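*Asks:* Sharing a structure below in structure tokens format, with a few things to ask.
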Amino acid sequence: MSKKVLDQKGRFRNKLISFRMSPEESKMLDRKVALAGISKQDYIINSILNKEIIVEPSPFVIRSIKRELDHKIETCDDKEMLLWIKEMLMGFNGNKKTKVKPTEVSRQ
């Protein structure tokens, strides 16, 4: 029998979960993952478990934030993203990490 492969934190992850999303939901997820600077897997797990998402300011995260701000946030869908970006920017203090809770959006 082959040796179990553990992740960086010593966990054995062998369960595969898949689900469907609309193109809009997928785009929103991709944008949030890019802004958080973590893997999509880690982002989804932390969101589902209602854990804080640790965002470290890195060149990739800074570029992602710049792209989002350049996007000129105007639509209702983007208001959630603006609040999320604002919370991240307010949390950055020098080069320290900041914690961001997943936002809950009321669907009309």
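*Asks:* Report the extension gain between Lys51 and Ile17 in nm, rounded to one decimal, defined as 0.36 nm multiplied by the number of residues separating them, less their alpha carbon distance.
*Replies:* 10.4 nm
*Asks:* If the range 1-43 were replaced by its equivalent ellipsoid, with semi-axes equal to the square roots of 5 times the Cα gyration tensor eigenvalues, what would those be, largest first, whole Å?
*Replies:* Sorted largest first and rounded, they come to 28, 15, 5 Å.
*Asks:* Give me the dipole magnitude in Debye, nearest 20, for the range 1-70 about the Cα centre, with unit charges on the beta carbon: positive for Lys and Arg, negative for Asp and Glu.
*Replies:* Around 400 debye, computed over the range 1-70.
Bear in mind that the values in this text are calculations on the coordinates, not laboratory data. These figures come from a predicted structure and were not determined experimentally. Cβ atoms come from the backbone with ideal geometry, glycine included; neighbour counts cover every protein chain shown.
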